[in-house]
């Protein structure tokens, strides 16, 4: 099917590597890609709910949202929760263990089907970094490949989505089923309605992948 399938059948290290051990060059080589393709998403902006606006005001009043990665995750939690509002089949696992034949580690956010336990199909990764977007991208890429490998074991060949964010800036990625990697421009929560629209669009694509799998 392309590079992800070929990579799943060989190991250059002879042992499993942790996601956090990859730099960006190593991540590109792991996926077998040299370039990312531009991904322009035309989506409808979403006005935040009154509940979300109140929650955001309280978070900014009572919590430090700038200094540490754990602080940033409070903001990411709230934004993802708002974007998931009209979905019906998705659930987020935070800190979930993920592994493939070559890779292992814990991911910041892993999105899969809404049930009481986590299993493939794995749909989307969100990597939260305070400011180091290059390291965040490296981890996101190899985590997306691990999701692809897990899905492929069950003959689920679907696009995998990835997000790298520090809470303030959001960038979206797609590992296509044929191995190409797509990247959007960065988006700021200065245009919060746009970010929410993009996130909801990604989550709807995840739901469509579920529908595709169960219809097969």
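The values are calculated or read from the model by the stated rules, or taken from the named source; none is laboratory data. A quick note: this is a predicted structure, and the numbers were derived from the prediction, not measured. Ideal geometry is used to build each Cβ from the backbone, glycine not excepted, and the neighbour counts take in all protein chains shown.
A few comments on the model shown:
- Of all residues in the stretch 60-79 being crowded, with 20+ Cβ neighbours inside 10 Å and in contact with a helix residue (DSSP H, G or I) (Cβ under 9 Å, 6 or more places away or on another chain), the one that is nearest to residue 124 (Cα to Cα): 79
- Residues of the stretch 82-99 that are surrounded by fewer than 20 Cβ atoms within 10 Å (Cβ to Cβ), more than 27 Å from residue 187 (Cα to Cα) and out of contact with any strand residue (DSSP E or B) (no Cβ under 6 Å at 6 or more places or on another chain): 99 alone.
- Lone qualifier among 179, 167, 162 - being buried (at least 20 other Cβ atoms within 10 Å of the Cβ) and assigned to a loop (DSSP other than H, G, I, E, B): 167
- Residues located in the stretch 1-36, provided they are at pLDDT below 95 and within 19 Å of the chain's Cα centre (by Cα): 4
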